[in-house]
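Peer 1: Have a look at this one.
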Amino acid sequence: QNRLWWAGTEYEPNKLWASMLGDFQNYRLSSNDDGGMAFAIASDDMQEIVWIASLNGLVIGTTTSEWTARQADGQNSITPTNPPFFKQESANGSADVAPVRVGESIVFVDRYRRRVRRLFYDANAGGYLASDLTGLAEHVTGTGITSLCLQKRPEPVLWCVKDDGGMASLTLVPE
């Protein structure tokens, strides 16, 4: 939507900021549709944002759950006069590890840094699901994952850097 988004500071961990339309260095708040914006996730518990990603709107990983921020029904984009609708999509919680986009899904590390999950939209369920990609082999992640990287060719492989400096790989089969 031609804006740069930032999220989660030390003093405002549940807040998101968006730049002015087409001006990525200007965050001046305004009531005009091209103005900068600031929003907080309203929830029963503190949602400390650890990552944001783009997937048909914003996907937000917090320490306690995963959220989407979408435009209101019938609107074209998120603006100061058309604030986002935040929806909790799963309650796994995310680690402070940058996610990767794989096709039409976001792959992220859960809050305990031992499981890799894939967040994707399921039309039959009418929402997003977060499947566990490491459910059959959680032991390979060792004491935790510190970063992810996607190798796209010749076959999609997700590389995980582990706490001990070792690496684990996960071959991704397109669905």
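The values are calculated or read from the model by the stated rules, or taken from the named source; none is laboratory data. Quick caveat, the model's predicted, so the values are computed rather than measured. Every residue, glycine as well, gets a Cβ built from its backbone with ideal geometry; the counts of neighbours run over all protein chains shown. We work out accessible area using only protein heavy atoms, side chains counted, and drop any ligands, DNA or RNA first. Shrake-Rupley method; radii C 1.70, N 1.55, O 1.52, S 1.80 Å.
Peer 1: Go through segment 4-85 and tell me which strands (runs of 3 or more DSSP E), entirely inside it, have 1 or more residues that are surrounded by fewer than 18 Cβ atoms within 10 Å (Cβ to Cβ).
Peer 2: The qualifying strands (runs of 3 or more DSSP E) are 5-7, 15-18, 37-40, 49-54, 66-70.
Peer 1: Sticking with this structure for a sec: When you scan segment 118-162 for strands (runs of 3 or more DSSP E) that lie fully inside it, which ones turn up with 3 or more residues that are out of contact with any Pro (no Cβ under 9 Å at 6 or more places or on another chain) and buried (at least 16 other Cβ atoms within 10 Å of the Cβ)? Talk me through it step by step, then tell me what you get.
Peer 2: Values: elements: 127-132, 145-151, 157-162.
The qualifying strands (runs of 3 or more DSSP E) are 157-162.
Peer 1: Taking segment 48-81, which residues are under 12 Å from the mean Cα position of the chain (by Cα) and charged (D, E, K, R)?
Peer 2: Matches in segment 48-81: E66 only.
Peer 1: Let me ask something else about it. Does segment 133-150 contain at least one residue that is out of contact with any strand residue (DSSP E or B) (no Cβ under 8 Å at 6 or more places or on another chain), over 22 Å from Q47 (Cα atoms) and among the hydrophobic types (A, V, I, L, M, F, W, C)?
Peer 2: Yes: segment 133-150 contains one or more residues that are out of contact with any strand residue (DSSP E or B) (no Cβ under 8 Å at 6 or more places or on another chain), over 22 Å from Q47 (Cα atoms) and among the hydrophobic types (A, V, I, L, M, F, W, C).
Peer 1: For segment 2-16, give me each residue that is among the small types (G, A, S) and touching an Asp or Glu at 6+ places or on another chain (Cβ under 8 Å).
Peer 2: Answer for segment 2-16, where residues must be among the small types (G, A, S) and touching an Asp or Glu at 6+ places or on another chain (Cβ under 8 Å): just G8.
Peer 1: Within segment 91-125, which residues are of a type in the set (G, A, S) and over 20 Å from C160 (Cβ atoms)? Spell out the reasoning first.
Peer 2: Filtering segment 91-125 down to residues of a type in the set (G, A, S) leaves 91, 93-95, 98, 103, 105, 123, 125.
Residues satisfying the conditions are A91, A123, A125.
Peer 1: When the residues of segment 163-175 are filtered to those that are in contact (Cβ under 8 Å) with a residue 40 or more places away in the chain and open to solvent by 30 Å² or more (accessible area, probe 1.4 Å), which remaining residue is farthest from V107 (Cα to Cα)?
Peer 2: Here the residue is D163.
Peer 1: Do you know which of the residues in segment 86-107 that are farther than 20 Å from K15 by Cβ and outside any loop (DSSP other than H, G, I, E, B) is most open to solvent (accessible area, probe 1.4 Å)?
Peer 2: Applying the filter and picking the extreme gives R101.
Peer 1: List, please: which pairs have Cβ atoms under 7 Å, are six or more places apart or on different chains, and start with a residue in segment 24-44 that is of a type in the set (A, V, I, L, M) and end with one that is crowded, with 17+ Cβ neighbours inside 10 Å and in a loop (DSSP other than H, G, I, E, B)?
Peer 2: Taking only residues 6 or more apart or on different chains, the pairs are L29/G35; M37/P80; A40/N14; I41/N14; I41/Q47.
Peer 1: Okay, moving on. Might you let me know whether segment 136-146 holds any residue that is in contact with a helix residue (DSSP H, G or I) (Cβ under 9 Å, 6 or more places away or on another chain), hydroxyl-bearing (S, T, Y) and farther than 16 Å from L55 by Cβ?
Peer 2: Checking segment 136-146: not a single residue is in contact with a helix residue (DSSP H, G or I) (Cβ under 9 Å, 6 or more places away or on another chain), hydroxyl-bearing (S, T, Y) and farther than 16 Å from L55 by Cβ.
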